[in-house]
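Colleague: Here's a structure for you.
Computed from the coordinates by the stated procedures, all read-outs in this text should not be read as laboratory data. From a predicted model like this one, the values you see are computed outputs, not experimental measurements. Reconstructed Cβ throughout: ideal geometry from the backbone, glycine too, with neighbour counts over all protein chains shown.
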Amino acid sequence: MSAEIGHFALIVAAVLALGQSVFPMAGAARRHGALMSLGGTLATGQFVFVSIAFGALTWAFVTSDFSVANVVQNSHSAKPLLYRITGVWGNHEGSMVLWCLILALFGACVAWFGDNVAPGLRARVIAVQGMIGLAFLAFILLTSNPFDRVNPMPADGRGLNPILQDPGLAFHPPLLYLGYVGFSVTFAFAIAALLEGRVDAAWGRWVRPWALAAWSFLTLGIALGSWWAYYELGWGGFWFWDPVENASFMPWLVGTALLHSAIVAEKRDALKSWSILLAILTFSLSLLGTFLVRSGVLTSVHTFATDPERGLFILAILAVTIGGALALYAWRAPALKGGGLFRPISREGALIVNNLLMTVAALTVLFGTLYPLIVDALGLGKISVGPPYFNATFVPLMAPLILAMGIAPFLPWKRADLAGALDRLKLLVAVTVGAAAIVVFLEERHSFAAALGIGLAVWAIGASVLELAGRVRLFRAPFGESLRRAAAMPRSAWGMTLAHAAAGVVVTGITASSVWQTEIVRVMKPGDRAEVAGYTVAFAGVQEVRVGNYLARRGRFTVSESGVALATLSPEKRVYLPQRTPTTEAAIRTTWFSDLYIVLGDPHGEGGHAVRLYHNPLVPWIWIGAVLMFLGGMVSLTDRRHRVGAPRRSVRPVQARPAEA
Amino acid sequence: MPSRRLLYLAPLAVFAVIAAAAAFYLQSGRDPRLLPSALIDKPAPAFSAPGLEYNGKTIRQGVESTSFKGRITILNFFASWCTPCLVEHPQITALSKTPSVALVGINYKDKPADAANWLARHGNPYARIGVDPAGEIAPEFGLYGVPETFLIDRVGRIRLKQVGPITAQVLKEKILPAIEALKK
């Protein structure tokens, strides 16, 4: 019965979404208060009904209701409860329901917490959210119904892809979707503003918290995905420039640009049509990220099952959403009035540098991701451009970005004195150059890359600390006053400092783990020892074990350092039973400063096993840094001005005047 | 103002091109249609690639284009970071066992350590391996990416080009018959 309830709830939600796209839009055009506020009610209703559908699907998974086709294909009664729940979104149909649930949640949030937004704009935003919701609910109902029954009912399910039976991957999609879908709100704000034909400083202020929230979740989602790839794929790396990784990274890059251009729009009433374009592009790339993976266009290690019908439906939605938005932009944006003037050397100028570099970086990633597709589309074959392309194009863009990130907070708005700012940073410049020089001196391999990376990291962290110290007048004023100043500092300033320093932490981790990684591949027999970065790893042997729904060959390695035993590590090769799919479980010993990472390979010769040992210095800092970035976003989100600081819109005659371009 | 208008149209235009390409891609059904390479039946470009060395050891001697004369050669561009290369590795290994065919590899934009570990892990079927760390040889062969494979006849002319992995089917239906034809 629960499947029918779920199906019905989805249909109701689609009908409500239709109303939500029509009534508030008409209300805003006619300045009809009741019609406009109906939008909020409908958005809440859509959220309630999508929740019911999601709950019904979850129930079917939890109770292993094998009369539902989706449960049969993706679940198994022997699966632990946690993975029966996360199995709900471990498949195409269920993940679409989760996507719509989060979309409906954001739409409802605009209705619940958007009190400080002008009613006309809010009504249009809710209507645009309704349209997106309608498109995707229709997609689910017409091509991907998760509630299809199967008759006769099979005795058991086929089991969830074992690679998804992992806590890291279980929570990766929801976080990623919070990010992707969060950018639907900034997109809706952009469309609403274009429809109104008016963008002012208030627009920037309203958009920013939504961009911040979406960006924070996307950061965390990407980090979780990369952490999962690190410990689960067993390749010793954390980022592979895989099309799916790139798909989540592109909206992050453009979203970061949006986050910064929205500040300029808010504070200086400039970069407005650019911010609108970024808001459109960020969500467009989010849609591309979610759906290109499922359309059969992209193929990758973690692609969902594809189906050409769905592919065309998805492409049609993408074409209408993105094409429509960009057409509206081409039509209305030229009429938007530019705001405050500024010199190239100013905080605005530095933020434009950020925007350009982030956007160009996203374009290079887009090109590198699509190029193999273009080659394939021409019938030439499946090729890879791989890390050499991305390292050669992406890294040179990030270096000036981080330099600009360090100095930008020291530049005042409108017009700045670069020499003066550098003068305040002269000590840091010296420390940065010194750190890079030490790296060159100590390390002959990869010395340029290592020096650049470490230099940039020192610069980013140092500049953040100095900026904070300057704000609170540390050591210049009595300590008590510094504390008072720190307490009175706006939360957004704290958030920025934290996030910028976190970028330095991430750069440290990426540089150190890429440049100073040690990898040893060898065949080991029980009793053999290997030396890795000062550790002695002794192989004790392999045993076969059966745990829950998988069989495993479990290796035992004892790790010691100068004769002192430190740990026993047990990497595994698993075979999940229903499908007999093999997976690799690396064993990792972390000190927070470095990881010792062991992968058990296939048997080799008599009693021997291929073993891969890695020492990855500072690799945990990549994820620590990402979590700090997330926290930075969250701290900034709690800034007072997002709650009460609703600025008055620029005064205008209140007569009903259709916005003409 | 018209030029400013055009600027605002640019994002839409770019998107239209991408969307058209994607629609074409889906419609095409991805039949691997063979576009003839400009290099077919031309002499292989002259080059000299140093051998793959790691930890002071020469894993394989390098590759000289002059060595192609007098025997049938399979020239395979590969890299450790390239997933499709792993897909074709069993077929490449099978090719190395084909009598009277020399299998040589060009290790494309790779680090010696990564390449050496990759070969140690998956097996090294190549008789010779030249390294092309900066991608200088690749453009001579009109490389789109890796993997790509060239069949070179006894007088040093390129007779066949395979873009993308040599699957079991490609091996059986395309590569092996072409080798047989050359042997006659």
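Colleague: Subtracting the Cα-Cα distance from 0.36 nm times the residue separation, let me have the gained length for residue A:627 to residue A:543 in nm, one decimal.
Modeller: On the way: separation 84, 0.36 × 84 = 30.24 nm, distance 3.69 nm.
Taking 0.36 nm per residue and subtracting the Cα distance, the gain is 26.6 nm.
Colleague: Total Lys pairs in the range B:48-183 closer than 27 Å by alpha-carbon, pairs eight or more apart in sequence or interchain only?
Modeller: Lysine pairs, 8 or more places apart or on different chains, close enough: 22.
Colleague: Placing +1 at every Lys and Arg Cβ and -1 at every Asp and Glu Cβ, with all other atoms neutral, what dipole size does the range A:1-165 have around its Cα centre, in debye to the nearest 20?
Modeller: 400 debye
Colleague: Would you list which aspartates and glutamates come within 19 Å of residue A:426, measuring only between C-alpha atoms, while excluding same-chain residues fewer than 8 positions from it?
Modeller: A:417, A:467
Colleague: Only bridges with both residues in the range B:42-184 count here: give the DSSP antiparallel percent, nearest 5. Don't jump to the answer; show the numbers that get you there.
Modeller: On the way: 17 of 29 bridges.
Taking every DSSP beta bridge within the range B:42-184, about 60 percent pair in antiparallel fashion.
Colleague: A further question on this structure: What average number of partner chain Cβ atoms lie no more than 10 Å from the Cβ of the residues making up B:158-168?
Modeller: Numbers: counts 0, 0, 0, 2, 2, 8, 8, 4, 1, 1, 0.
Going residue by residue through B:158-168 and averaging, the value is 2.
Colleague: Another question about this same structure. Which of the GluC sites (Glu not before Pro) found in the range B:131-183 are loop residues per DSSP with 15 or fewer other Cβ atoms within 10 Å of their Cβ?
Modeller: Numbers: sites: B:136, B:140, B:148, B:173, B:180; in loops: B:136.
The qualifying sites are B:136.
Colleague: Let me know the mean shielding of B:8-17 by other chains, meaning the per-residue number of their Cβ atoms within 10 Å of its Cβ. Working shown, then result.
Modeller: Details: counts 11, 7, 3, 11, 10, 2, 2, 10, 5, 0.
Other-chain Cβ atoms within 10 Å of each residue's Cβ, averaged: 6.
Colleague: A further question follows. Under a point-charge model restricted to the Cβ atoms of Lys and Arg (+1) and Asp and Glu (-1), what is the dipole moment magnitude of the range B:48-183 relative to its Cα centre, in debye to the nearest 20? Display every interim value, and only then the final one.
Modeller: Working: 16 positive and 12 negative charges, 89 e Å.
Result for the range B:48-183 is approximately 420 debye, rounded to the nearest 20.
Colleague: Next question, about the same structure. Set the Förster radius R0 to 30 Å, insert the Cβ-Cβ distance between residue B:16 and residue A:26 as r into 1/(1 + (r/R0)^6), and round the FRET efficiency to 0.05. Could you put the intermediate results ahead of the total?
Modeller: Values: r = 30 Å, r/R0 = 1.00.
Approximately 0.50, to the nearest 0.05.
Colleague: Given the Cα-Cα distance of residue A:577 and residue A:399 and 0.36 nm per residue of separation, how much length would full extension add, in nm? Present the calculation step by step, with values, prior to reporting the outcome.
Modeller: On the way: separation 178, 0.36 × 178 = 64.08 nm, distance 4.76 nm.
In short, 59.3 nm is gained.
Colleague: Taking every residue in A:588-597, how many Cβ atoms of other protein chains lie within 10 Å of its Cβ, on average? Spell out each step's value before the answer.
Modeller: Working: counts 0, 0, 0, 0, 0, 0, 0, 0, 0, 0.
Mean shielding count: 0.
Colleague: Provide the FRET efficiency to the nearest 0.05 for the residue A:391-residue A:593 pair, computing r from the beta carbons and using R0 = 25 Å. Can you show the working numbers first?
Modeller: Details: r = 25 Å, r/R0 = 0.99.
Efficiency at R0 = 25 Å is approximately 0.50.
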